[in-house]
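These notes are about the structure you will find just below.
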Amino acid sequence: MRAAGITALGEPVEIFEVDELATPAAGEVLIDVVAAGIGNWDELVRIGSWQIGGPAPMALGTEATGTVAAAGSGVAELREGDEVMTHPLPLRRHGTWAGRVLAPAATVAARPPEASWEAGGAFPIPALTAAQALDEALGIESGGWVVVNGAGGVTGGLLVQLAAARGARVIATASAKKAERIRDYGASEVLDYHGDWPALVREITGGAPKAVNAARGQAATTLKAVADGGRLATITGDPPREERGVAVSDVYVRPDGRQLSALAELLAHGTLSVPIASVRPLDQAAQALREVVAGADGAIVLSLRT
């Protein structure tokens with residue numbers, strides 16, 4: 001089975017052959033991968049900063065969409081041929097940048113037929129991250145203000161869309177060239193992140209009660225926009241020290257098939273969407289990962305169609 005991955009931690013991504021995966025164990029499904037997402041998180045796996053399962057040599061990749069090839073014992077809700085999406089951690093062996101992946105059934109959700117395979121491949125991690133930051137860490141409420149710093153990325157865009165769908169009033173930061181798209185996502189205000197945007201937020205809101213940071217290295221800056229006693233969630237692993245009674249949450253995405261299923265319904269209805277920048281063959285995985293880390297304008301997806 002061809003895979004894109006690493007032979008040792010920190011090594012460049014390369015293409016190699018791996019053994020075919022075993023029959024799924026109890027509570028697992030075997031998925032024929034059609035499309036797999038690429039994110040900054042895959043670079044963390046490559047260099048060893050995020051431990052996700054199987055040892056190197058291993059296929060990278062932490063999200064995918066495809067069809068169920070086989071289901072293990074105790075899996076009643078999934079059958080061969082079902083079209084699904086997953087963030088399949090912990091990995092028993094290889095990641096999703098391969099022809100097949102073993103996934104815990106509890107991490108799997110149906111792929112809505114209204115969404116493309118490519119969107120399904122890029123959706124699980126950013127959508128789950130958005131829900132866990134907004135609904136769990138911040139507890140956003142209809143009518144309340146929430147700031148999304150770094151709204152121009154894939155996860156940032158989903159944060160804006162989901163917050164707007166929950167009825168929140170969203171102030172987002174992004175570059176000027178992305179402002180129109182972010183407004184279309186439902187943001188009430190879009191501020192240029194180059195300026196002193198925390199001061200503008202405080203002028204508009206008197207201090208935002210809740211904020212989420214999706215811009216690397218900018219959690220401390222985002223904290224300046226939050227009112228005393230408010231809440232800040234950051235998804236970039238850089239939580240600042242708590243001050244002024246602001247509760248700070250360091251959010252790491254958690255696999256959750258039921259939560260992903262609820263988010264997939266919003267994807268099916270067009271409430272949530274993922275902008276696809278390009279679709280690449282497996283052979284271009286190394287280049288695609290470099291482009292994502294450098295800041296691609298939209299999701300880059302690997303296609304594993306044969």
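The values are calculated or read from the model by the stated rules, or taken from the named source; none is laboratory data. The structure displayed is predicted, hence computed values, not measured ones. Backbone-built Cβ (ideal geometry, glycine too); neighbour counts: all protein chains shown. In case anyone asks, the SASA skips ligands and DNA or RNA and just uses the protein heavy atoms, side chains included. Shrake-Rupley method; radii C 1.70, N 1.55, O 1.52, S 1.80 Å.
With no solvent and one equal point scatterer placed on each C-alpha of the stretch 107-173, evaluate the Debye formula and give log10 I(q)/I(0) for q = 0.12, 0.14, 0.21 Å⁻¹, two decimals. Treating every Cα as an identical point scatterer, log10 I(q)/I(0) equals -0.32, -0.43, -0.86. Ratio of Rg to Rh for the stretch 143-191: 0.91 [Cα atoms; Kirkwood radius as inverse mean 1/r over pairs]. Taken over the Cα atoms of the stretch 71-126, the convex hull encloses 96 Å³ per residue. What a 1.4 Å probe finds exposed on the stretch 25-132 is 52% carbon and sulfur by accessible area, rounded to a whole percent. Between GLY72, GLY143, GLY230, the GNM of the chain built on Cα springs shorter than 10 angstrom shows GLY143 fluctuating the most. Straight-line cross-link partners of LYS224 among the aspartates and glutamates, defined as a Cα under 17 Å from its Cα and at least 8 positions apart when in the same chain: ASP192, ASP196, GLU203, ASP238, GLU242, GLU243, ASP250. Once the gyration tensor of the Cα atoms in the stretch 59-171 is diagonalised, the equivalent ellipsoid follows with semi-axes of 30, 14, 13 Å, ordered largest first. Per residue, the stretch 157-289 exposes 47 Å² of accessible surface when a 1.4 Å probe is rolled over the protein heavy atoms with every protein chain present.
Electrostatic tally near LYS177: other residues with Cβ closer than 11 Å to its Cβ, Lys and Arg +1, Asp and Glu -1, net -1.
Kirkwood analysis of the Cα pair distances in the stretch 154-306 returns a hydrodynamic radius of 17.0 Å.
Using the Cβ of ARG46 as centre and a radius below 12 Å, the other residues enclosed give a net charge of -3, where K and R count +1 and D and E count -1.
Kirkwood Rh and Cα-based Rg: tell me the resulting Rg over Rh for the stretch 1-123, rounded to two decimals. Provide the component values of the computation, followed by the final result.
Values: Rg = 13.5 Å, Rh = 14.2 Å.
Value, to two decimals: 0.95.
Judged by the mean number of other Cβ atoms found within 10 Å, the most tightly packed of the peptides 217-224, 274-281 leads the ranking 217-224, 274-281. Count Lys and Arg as plus one, Asp and Glu as minus one, and take only other residues whose Cβ is under 13 Å from that of ALA286; the net charge is then -3.
Of the two radii for the chain, the radius of gyration is 0.98 times the Kirkwood radius, both from the alpha carbons; that is the Rg over Rh value.
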